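Q: First the structure, then my questions, so here it is.
The values are calculated or read from the model by the stated rules, or taken from the named source; none is laboratory data. Quick caveat: nothing in here was measured; it's all calculated off a predicted structure. Ideal geometry is used to build each Cβ from the backbone, glycine not excepted, and the neighbour counts take in all protein chains shown. Keep in mind that these areas ignore ligands, DNA and RNA; they rest on the heavy atoms of the full protein, side chains included. Shrake-Rupley method; radii C 1.70, N 1.55, O 1.52, S 1.80 Å.
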Amino acid sequence: PYADVAVDSYEIPEWMRRQVLLRDTWELFPYSSRSARRQDLDHTRPYRRGEKGQTRASNLGPLSRKAHRAKTHGGWLLEQPRPGIFWWTSPSGRRYRITPHGTFAMSDRPDAPALDRLLWDHDHSGESPP
């Protein structure tokens with residue numbers, strides 16, 4: 001089972017960094033091939049001073065500074081509905097699902113609306129992955 005232990009600080013303990021890097025071996029921006037080991041760990045939902053339990057593996061992912069700037073200032077939106085499953089939405093509305101198996105551009109497929117909805121619903125349900 002996955003242990004999602006939280007700490008109440010912005011700084012990421014080394015043990016938690018190792019946990020995330022075992023889960024995510026590549027940067028989690030669409031189509032990136034950058035090794036996660038050389039990236040910063042980013043809070044998927046931005047850190048808010050004073051809120052408890054924000055720094056935990058299920059709210060972290062490896063991003064380069066450039067990808068972090070795209071998220072923070074470039075109009076890209078990011079969600080992590082399950083540990084290690086990331087949904088990006090580009091400024092133009094294109095959606096990408098990032099998993100340990102790679103990037104899936106949802107809008108590139110003819111069946112995208114139905115498939116997108118099915119995967120979105122599955123990823124955002126409280127059920128354990130198959």
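Q: With respect to the numbered conditions (1) surrounded by fewer than 18 Cβ atoms within 10 Å (Cβ to Cβ); (2) out of contact with any Asp or Glu (no Cβ under 7 Å at 6 or more places or on another chain), which one is the sole condition not fulfilled by residue 53?
A: Among (1) surrounded by fewer than 18 Cβ atoms within 10 Å (Cβ to Cβ); (2) out of contact with any Asp or Glu (no Cβ under 7 Å at 6 or more places or on another chain), residue 53 violates only (2).
Q: Residue 58: open to solvent by less than 20 Å² (accessible area, probe 1.4 Å) and modelled with pLDDT of 95 or more, yes or no? Walk me through how you get there before you give the answer.
A: Numbers: open to solvent by less than 20 Å² (accessible area, probe 1.4 Å): yes; modelled with pLDDT of 95 or more: no.
For residue 58, the condition - open to solvent by less than 20 Å² (accessible area, probe 1.4 Å) and modelled with pLDDT of 95 or more - is not met.
Q: In segment 7-32, what count of residues is obtained for those that are small (Gly, Ala, Ser) and closer than 22 Å to residue 87 by Cα?
A: Of all residues in segment 7-32, those small (Gly, Ala, Ser) come to 9, 32.
Still in the list and also closer than 22 Å to residue 87 by Cα: 32.
Count: 1.
Q: Now for a different question. Anything in segment 41-56 that is within 22 Å of residue 30 (Cα to Cα) and not in a strand (DSSP E or B)? List them, or say none. Break it down into steps so the answer makes sense when it comes.
A: Keep residues of segment 41-56 that are within 22 Å of residue 30 (Cα to Cα), which gives 41-46.
Selection gives 44, 45, 46.
Q: Does segment 6-19 contain at least one residue that is closer than 21 Å to residue 123 by Cβ and open to solvent by 60 Å² or more (accessible area, probe 1.4 Å)?
A: no
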